[in-house]
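Working notes for the structure below.
Quick note: the coordinates plus some simple rules give every number you see, no bench work behind them. What you see is a predicted model, and the numbers here were worked out from it, not measured in a lab. Virtual Cβ from ideal backbone geometry, glycine too; neighbours counted across all protein chains shown.
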Amino acid sequence: MGLLSDPEYGSAQWVRVLRKIHGLLSVLFYIGAIGWFVMLGNKTFNNETYFSENALLPGLVTNEFNGEPAAKQFFNEFQEELKDKYEDTDVMPVPWLVAKMSQLHLEVYTHNFTLNYPLGEGRVYTGTNVYGILRAPRTSSLEALVVSAPYRPPSSHQKSTAAGIALMLAFAQFARPQKYWAKDIIFLVTEHEQLGMQAWLEAYHGIQSDAETFYTSLGSFWKPNPFLDLSTFGTLTKADHEKCLNPGRLKGRSGSIQAAINLEFDVPKIKYVEVKIEGLNGQLPNLDLVNLVHKLCVKSGVHHSYKNSYSWVRSRNKYDEWWNSVSTMLGMVTTQLAGVPNGNHGLFHRFGIEAVTLEGRGPGDPAGDPPQVNALTSANFYRLGAALETVLRSLNNLLERFHQSYFFYLLPQTGRFVSIGQYMPSLCLISAAMLIKSLALWVSLQKEDKTNKNEKSKKGDKSKVSGDDSSTEVEEKDKAAASKVPGAKKSKGVAQRKKSEETLSVVNVGLNYFLVHLLGYAVMNSPLLFSQIGSKYYNLPSEVSVYYGLAITSAVLTLLSPFMMRVLRSGPMHYEEVALVNILVLIELATICLSVGMHNFSLGFVMATLLAPVALVSGVNVRGGGKIRSILVQFKRLLCIISHPLCLVTLGMIIYSKILFPEESNMHIIGRGRDAAMQAIMYSVVDSLIYGNWLFNVATSLVLPTWIIFWQINCSSVDK
Amino acid sequence: MFISMHTWFPIFIVILNSLYCTAIEIPKKFQNSNHTNNWAVLVDTSRFWFNYRHVANVLSIYRSVKRLGIPDSQIILMISDDMACNPRNPRPATIFNNAHEQINVYGDDVEVDYRGYEVSVENFVRLLTGRLSPDTPRSKRLLTDEGSNILIYLTGHGGDGFLKFQDSEEVTSQELADALEQMWQKRRYNEIFFIIDTCQASSMYEKFYSPNILATASSLVGEDSLSHHVDSAIGVYIIDRYTYYVLEFLENVHPNSQRTMTEFLAVCPKSACLSTVGVRRDLFNRDPSKVPITDFFGSVRPVQVTTNPINILDTPQRKRKNENKTKVQEKMGYLPQFPVHLVPNDK
């Protein structure tokens, strides 16, 4: 096979076939990708979980937990304490927690942290975490396990975690005199949900300098260039961008943390435990830990679930089972997509610490009622404590960090998994569809100036039948055409081609490409500016100003970007130029989807699924053609508009509110959807600034530029 | 001439006799082992808490061997990891080989000769072949001679043709076979009884080519050796199946027991072990059914049998002569050894 730029290559068999069927092939690949993903729910295509780590010795040890009375007492005391003193405040009962932990002979410390809220007008939040360290009696403090619980004030709209904290204290009381701990256990109560946890982890690992933004979470590979950092342009944004979260310092430390269990129990009499695993940017804990927790819940007689997969529900038939698996996987995809941890465990993952959250649920839970939930026997402190004990004793046996099992997987059921090797093909298929289209475009571009030649060669074929002499003559003529020696008949066509070659400006294409990406980068850094302007001049809350700021920016970009392609040129666009842009953007989008999908499959997959139709439909519009053609072009443009990231978010939120509140009027629903979209964007911006969530950055710096280019392509029309 | 004829004749008879015997049967007289001392090399090759059972295995065999009479000075005990002092051990300073926890096999009188990272392939091979540096202490040497019967017991994690040491290196079956051949050529043993309890254990003795080795393994190639049961108080698999049944058998063996090696080789049927116990007899010249188990597990003591009764009542009275001025120091002697092995051990 020759090079792609080989002039003879257009005549290859496969090129002709590709040109003919690339559209069909792309569609088939796209459908195949979706089909592949859906089929992963079937038992034949996923695997049963198993333990890879020998050292865990799961559940071999008899339970000795006897802290039920203690836990009940802690629970009641804690409730009373909250009722007496903390009814109206959001402050954590630090003295009570410190006192209780000290009484259990733990090493107790408090930890203060400060948040300079990036999108507020210099608002500062402070918080305190309390933690107690149980030192392993017979070994040095080189390794540690963490048992944590977030503190939620009574005024919080979320479920309380009082039972979780009580259970943690009771477990600490039980564990303190045991002599078999080979790792320290850190009992941690954090304030302000994930903020406290993030601050504690950063302080624990000595990240003093900077809150992990998108750039710093890229590690040492890429440092933000002060040249490019737009925040340095305006003094407005500078101060805030530098440091959002000041984690402070820890007074006491233990060793390297091997694993963490986060407890969220509101009452002891829960019906089942939901094991939450998705972390920041869709990072997952090692499958061994997830597996361990599920297995040991079974052993301790605690019902457990993951998304739509419930340990006590036996599906009636294969179809039901498959559907449950698919919905569980989709649930996982939607959680991972946002990249927001669904519990405090999610922040551990970035530090290489495997962590899960155990959330207690009962009937009437905000997450919805699973089938037969009322028929379940309730758990109690004893069972939960026993489960926690076996999990921790198993973790205590660990000799090295979790590394044996999968880090990239999807869970269709509590006991089954889909590994990265099984789900990646679906993403690869979508990317392949885009790449096939770009390849087809490329070969057609190569072929463009040879259409005449084709005709000739057909003629040549005919003449071949007639005799050898004429065929050689034709060949000679062909050669003459190929070597650009103007023949008598072809002189006009060649001249035209030469002209187009002259005007095919790579610089122009490149500049446009560069500018568009620079714009994306600017949009990524814009929310701080918007919120400042909004609060300064219009006195708007930051989410409103950010949302409308982004909306206005998008509108402006949408209107202006089609003209950007002509920045440096005077004449009209050429087909080849637009086609080249199209090829480049298809390759870029496919690469983005694949590389994002390698880190966070869900995000990559959803991006690919949503953008691929636009990418496959968009193409160079050639001027002329009938009415149907112009309708088709308009339809393409409409599809492109809909797939704008901001539109997608807003539409998604409107549909979601329609599902949640089906009875309300449409205007209400749209209002709700808009508000929800505002919130969602605000959260993603804040998460990106404080925690280093990628979603907003990916959407603005990667998806938005590619979208703009597709929009440009769809809006441009060229002469053939 | 006559004299030379006189000396040659019995030798000729002996040679004739031996040729005759290998063909049909070794006479009973020759079946008795002519070993003069017994040694044991007991090796646990795996470390880490979840391999507790291997340490329990080797210590149990150590205990039995010692009970049957091989002294500590003739047992080389190699243990890769210190389970007794592992911080995960809820029973600190003890190692049990049974969930009933009746016998602490890591009792008061356990002499570990090679411990921790000293248990390496190099040290093991050097120990067997005697190629140790001159400053090696006596307790770390296998001071055997051509009259020594050696019991070699290995446990750990193995595969087809290798045995893993310390999670970092392994000894292959060929290396082991060569080491044993070197021992034979250096006249370091009379007979060897080789026991190995690992996965695919029989692969380890397949390459042996030196004479007088009887070998048995807990599993055949392609089979896993399994653990016997869990001690849920300690939270580990406490002993391996094969060793468990070996111990059950050895507990009923006494130093003067008449049980034979055949009984030992059949100690763990497939129904109990779940793996097939492999035996290799072809290198061993004697019939295992006529070899007493104490040839390997017990210890030879220098005993002289006399048919003449000694009348101890008629001891000649020594006349005390006070007039002797030179003070002769009273001669000290050793008391006869207390027959420890005959005392019932009800611990």
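For B:D282 and B:D135, what does the FRET efficiency come to when R0 = 45 Å and r is the distance between their Cβ atoms, rounded to the nearest 0.05?
0.65
Which Rg and Dmax, in Å, describe the Cα atoms of the range A:36-125?
In order Rg, Dmax, the Cα atoms of the range A:36-125 give 23.1, 57 Å.
Quick one: which residues, 5 or more positions from B:N190 or on another chain, have an amide H under 5 Å from its amide H? H modelled 1.01 Å from N in the peptide plane, none for Pro or chain starts.
Amide H neighbours of B:N190, under 5 Å, 5+ apart: B:S148, B:N149, B:I150.
Dividing the convex hull volume of the Cα atoms of the range A:622-678 by its residue count, what figure in Å³ per residue is obtained?
That works out to 94 Å³ per residue.
Rounded, prolate or oblate: pick one for the range B:35-297, where a ≥ b ≥ c are the square roots of the eigenvalues of its C-alpha gyration tensor, a/c under 1.5 means rounded, and failing that, prolate if a/b is larger than b/c, else oblate.
Because its axes are fairly even, with a/c under 1.5, the range B:35-297 counts as rounded.
Could you list A:K437, B:K164, A:K251 so that the one with the fewest beta carbons within 10 Å of its beta carbon is first and the one with the most is last?
So the residues, fewest neighbours to most, are A:K251, B:K164, A:K437.
Would you mind ranking A:C647, A:C593, A:C297 by Cβ crowding within 10 Å, fewest neighbours first?
The order, fewest Cβ neighbours first, is A:C647, A:C297, A:C593.
Calculate the FRET efficiency for A:D369 and A:N54 from the Cβ-Cβ distance with a Förster distance of 30 Å, rounded to the nearest 0.05.
0.15
For peptide B:227-236, compute the average count of partner chain beta-carbon atoms within 10 Å of each residue's beta-carbon.
The shielding value for this peptide is 4.
Can you sort B:T94, A:T357, A:T49 from fewest to most other Cβ atoms within 10 Å of each residue's own Cβ?
Ranked by crowding around the Cβ, least crowded first: B:T94, A:T49, A:T357.
Of the peptides A:347-354, A:139-146, A:705-712, how do they stack up when ordered by the mean number of other Cβ atoms within 10 Å, highest first?
Answer by packing, highest mean first, reads A:705-712, A:347-354, A:139-146.
Per residue of A:55-65, count partner chain C-beta atoms within 10 Å of its C-beta, then hand back the mean as an integer.
4
Can you pick out the pairs among A:K179/A:K251; A:K20/A:K636; A:K20/A:K437 whose Cα atoms lie more than 23 Å from each other?
A:K179/A:K251
Using only atoms on other chains, find how many Cβ atoms lie within 10 Å of each Cβ of peptide B:83-90 and report the average.
Per residue, the average neighbour count from other chains is 5.
Where both partners of a DSSP beta bridge lie in the range B:35-297, what percent of those bridges are antiparallel, to the nearest 5?
If I count the DSSP bridges inside the range B:35-297, around 35 percent turn out antiparallel.
Quick one: Debye curve from the C-alpha atoms of the range A:505-720, no solvent, what's log10 I(q)/I(0) at q = 0.08, 0.13 Å⁻¹?
-0.31, -0.81
Order of A:630-640, B:246-256, A:545-555 by packing, highest average Cβ count within 10 Å first?
A:545-555, B:246-256, A:630-640
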